[in-house]
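Working notes for the structure below.
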Amino acid sequence: MKSPQALTLIVALVFAIAVYFLAGSVFELNNISVAVVAFVCAFVAPLVGKANGTSQEADTTITTLYVGNLPYRANEAAVRELFSEYGQVQSVRLMKDKHTGKRRGFGFVEISSTDAEKAISELNDSEFQQRTLKVREAKERPERSAEE
């Protein structure tokens, strides 16, 4: 998958080439002025779209929530379904013991920042599959030293 910046650049270059040939045939301008107009239009157009709020990628920030006291039988799909009632869920990771492979009863949900507070207030201390959930914003994990 290409990055949005690379895709924007490709679209801008295709647009610039199209404007170059169309403007050169319609208007009697010299090649340098047509090229300048084409490239300016190609790179200004995406910026105008972002300024008007049409770009969704800049508007979406993600918050990671810690979800504790999960039932051991809960799976990612069930947790995703629960949290999706309160916002757009990006990912769900339920932690497992690396030796046994069994779930450890907690995990992390990445949700849009605008919906995170609502999810916390609605789901913290709520019951899910006969367990009382603990939901809060996740803390940054401290860096591990090489000796551990």
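The values are calculated or read from the model by the stated rules, or taken from the named source; none is laboratory data. Just so it is clear, the structure is predicted and the values come from calculations on it, not from any experiment. No Cβ is skipped: glycine too gets one built from the backbone with ideal geometry, and neighbour counts run over all protein chains shown.
Of note:
- Test: residue in segment 70-89 that is at pLDDT 95 or above and in a strand (DSSP E or B): no
- Filtered residue count, segment 93-123, keeping only those that are in contact with a helix residue (DSSP H, G or I) (Cβ under 9 Å, 6 or more places away or on another chain) and in a strand (DSSP E or B): 5
- Cβ-Cβ distances below 9 Å connect the following pairs, each with a first residue in segment 116-141 that is touching a residue at least 60 places away in the same chain (Cβ under 8 Å), a second residue that is among the polar types (S, T, N, Q) and assigned to a strand (DSSP E or B), and a separation of six or more residues or different chains: GLU137/THR63; GLU137/THR64; ALA138/THR63; ALA138/THR64.
- Residues that are closer than 12 Å to LEU82 by Cα and assigned to a loop (DSSP other than H, G, I, E, B), drawn from segment 125-144: SER126, GLN129, LEU133
- Hits in segment 81-96 (condition: of a type outside the set (Lys, Arg) and without any contact (Cβ under 8 Å) to a residue 40 or more places away in the chain): GLU81, SER84, GLU85, TYR86, GLY87, GLN88, VAL89, GLN90, SER91, VAL92, LEU94, MET95
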